[in-house]
Amino acid sequence: MPADYGFTGSAWSDWREQIADEIFVEQSIVYWLRAFIADTERNQHPVWDESNLTGGLIDIFGMSPDAAYKLVRSLPVSVLLSQSQAYWAREWVREHEQAVSRDFQIFVAGLSADQVYEYTEGDSDNSDIGAGSEAEDEGGASGEDGGQSGSGGDDDEDDDDDVDSIDSPDAADAVRIPVIKSGGALRATDLSLVHALLRHANRPVDGRCWYHTTDWAGGYDIAVNGIDQSRGQTCQDFGGRTSSYYLNHEWHAAVDWGVQRFPRNTAILVYDLSDALASHTDKTLDLTEDPRLWSRVVRASRSGKANDSDGHRFVIGPQAKNGKDLIKNKTAAPKKHDTLQQTAVKGNAASTATNQSLIGVILTNQRGM
């Protein structure tokens, strides 16, 4: 029921009445809520009233006063205003749709801090991967690897001794997700957990990584089931008509977003996108060195208009740092962030390649475990 998701207002009910019952029952309530939010955004282009932050969510998007209040109170005002009301309405639906399986909850509860484990959905034998998997204290605020290279950790023979054997063909084909739980709040300058995942994957700890920050339910769903572009966001920096799954290039940016957005249950998915990008060079749009094209793409995307980014599988470029202005003023010029870069993953082919690039998942509670 829509009320279960916090949509009880007349805006929703009036929109719902236009759809015949025999058609409505053919799709899930989440499908219709997403359609309602998209139609409302496209037809009304609502902007924030900073003197009444819940007003638009209630009157325009049909959220209940209680749901709107909870959403607004869950975020710093600066973060709230950096995205549109439609963005947060979609996020509200996603958060109430996704759930962590009971098996995964039990699995996470049994994890020791700062050590890599492997999880397989439906496998009662999820176990510790063994020696050489703990995050090491890499000393320093810099978070750099101190000149280390190679996989680190113990050799393959030692690892095999500690991994439970796989007896059935089905288990052998199962995807195992490396997971590490932080023993405390993440530090934006400490890459030790990332390095532990890289060592487990037999990759050099100074290798490049990409990051997606979400909550535990989102991290679980993406890691186990893959990227779902139907849950992606439109009208962001790179895509006015097509949804995208966004990856940060910088660890500190991923951590900062977790602190602001998911302070109680942060999940950061870590990827090595190098091979995926190399395999899709003809479908990758790199805006890093073309500020004029970047500005045109961001302005059109934020206005919900088709542009060059919509025809690509990957789009790379700086993040816009004046999202609030771009929402309030449809003619405002985008301002690029001097240091923060992002990659937008678009469409099924890019999503599949990105799924295959997953290194692991970091789970933490920023307010302490």
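The values are calculated or read from the model by the stated rules, or taken from the named source; none is laboratory data. In this text, all values refer to a predicted model and were calculated from it rather than measured experimentally. Positions of Cβ are generated from backbone atoms using ideal geometry, with glycine treated the same way; all protein chains shown enter the neighbour counts.
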(message) I'd like the residue in the range 46-78 that is assigned to a loop (DSSP other than H, G, I, E, B), touching a residue at least 40 places away in the same chain (Cβ under 8 Å) and out of contact with any Pro (no Cβ under 6 Å at 6 or more places or on another chain) and, out of all such residues, is farthest from TRP15 (Cα to Cα).
(response) PRO76
(message) Going by what's in this entry, would ASP237 be described as of a type in the set (Asp, Glu) and touching a residue at least 40 places away in the same chain (Cβ under 8 Å)?
(response) yes
(message) If a residue must be within 18 Å of GLN229 (Cα to Cα) and not β-branched (Val, Ile, Thr), how many such residues does the range 242-276 contain?
(response) 10
(request) Please report, ordered by residue number, the strands (runs of 3 or more DSSP E) entirely within the range 242-346 with at least 1 residues that are closer than 30 Å to TRP216 by Cβ and outside the structural domain of TRP88 (by TED's automatic domain parsing). (result) 245-248, 266-271, 314-320, 336-345
(message) Let me confirm something: among LEU80, LEU71, which residue is surrounded by fewer than 21 Cβ atoms within 10 Å (Cβ to Cβ) and not assigned by TED's automatic domain parsing to the domain that holds GLY304?
(response) LEU80
(request) Show the residue pairs that are 6+ apart or on different chains and have beta-carbon atoms under 6 Å apart, the first residue being within the range 241-268 and β-branched (Val, Ile, Thr), the second being modelled with pLDDT of 95 or more. (result) THR242/LYS346; ILE268/TYR211; ILE268/THR213; ILE268/ALA254; ILE268/ILE362
(request) Might you let me know whether the range 355-369 holds any residue that is surrounded by 22 or more Cβ atoms within 10 Å (Cβ to Cβ), in a loop (DSSP other than H, G, I, E, B) and in the same structural domain as LEU197 (by TED's automatic domain parsing)? (result) no
(request) Quickly run through the range 329-354 and pick out the residues that are among the hydrophobic types (A, V, I, L, M, F, W, C) and crowded, with 18+ Cβ neighbours inside 10 Å. (result) ALA344, VAL345, ALA350, ALA353
